[in-house]
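The values are calculated or read from the model by the stated rules, or taken from the named source; none is laboratory data. The structure presented is a predicted model; accordingly, all values stated were derived computationally and were not measured. Glycine also receives a Cβ, built like all others from the backbone with ideal geometry; neighbour counts cover every protein chain displayed. The accessibility values were calculated without ligands, DNA or RNA, using every heavy atom of the protein model including side chains. Shrake-Rupley method; radii C 1.70, N 1.55, O 1.52, S 1.80 Å.
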Amino acid sequence: EVDFHAHSYGDPDGRLFSWNGELYRGISHAKTPLFRDLFRKGIFQKLIEQGILIDSEAVELKLEGYGMVVRHRRIPFVSYPHEWCAAMFRDAGLAYLDWVGELGGLGLTLRDTHPWNVLFDGCRPVYVDLTSIRPIAENSRYINDDKFHRYYIYPLLLMSEGQERIVRYLLPDYEGISPADIAMLSQ
């Protein structure tokens, strides 16, 4: 009865699935204590109210192999980064910086920089990968500069130079747009 999401297979901390028309995420046993604590302390609710995180709630549903299950609100229309226009990239990049800043104040950060964890709820970017949220390690950086450039700055740079088609071909690569790509394609 459970239908696992086709794009949710590489995260060891959780997996998206549909059941009875609703969207859920199974949380690994290892991460369950952290996420239960974040729900209990109201941190996720705060992030949802600020428009950072997709509406999510812990539910009593059980899924074999997972310590807890969370229900997410579905975004009615899903678009992927290789489909975004320059304004969407700008908005997603600025939102990512805001989100990391807000999370940092809570002692948290995002494990993944890539834009595949961002969906647009209408015109507003929202973060959808709950299991990418983690405690910030001592002496770690909030943002991986190289990856932020590969996923947000370089696409915007190429788009500003009329290279939208090339950006759309390069973005599905999990490593994003490399400095070598920029050097070769930028005018």
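Remarks
- Rolling a 1.4 Å probe over the protein heavy atoms of region 46-187, with every protein chain left in place, gives an accessible area that is 53 percent carbon and sulfur.
- At 1.306 mPa s and 10 °C, Stokes D of the chain from Kirkwood alpha-carbon radius, µm² per second: 91 µm²/s
- Straight-line cross-link partners of K31 among the aspartates and glutamates, defined as a Cα under 12 Å from its Cα and at least 8 positions apart when in the same chain: D11, D13.
- Cα long-axis angle, helix 86-104 against the chain (0 to 90 degrees, to the nearest 10): 50 degrees
- Residues of region 22-159: accessible area per residue with a 1.4 Å probe, Å²: 48 Å²
- Think of the chain as a dipole: +1 on every Lys or Arg Cβ, -1 on every Asp or Glu Cβ, centred on the Cα centre; then among F35, G122, S186, F35 lies furthest on the positive end.
- What the phi angles of region 118-134 give under the Karplus curve with 6.51, -1.76 and 1.60, with θ = phi - 60°, is a coupling list of 10, 10, 9, 9, x, 9, 10, x, 9, 7, 10, 9, 3, 6, 7, 6, 8 Hz, glycine and proline written as x.
- Per-residue ellipticity at 222 nm from helix content only, as computed over the chain with -39500 (n - 2.57) for each DSSP H run of at least four residues, stands at -9000 deg cm²/dmol.
- Considering every alpha-carbon pair of region 57-106, the percent of pairs per 10 Å bin, from zero through the bin containing the longest distance, is 19, 26, 36, 19, 1.
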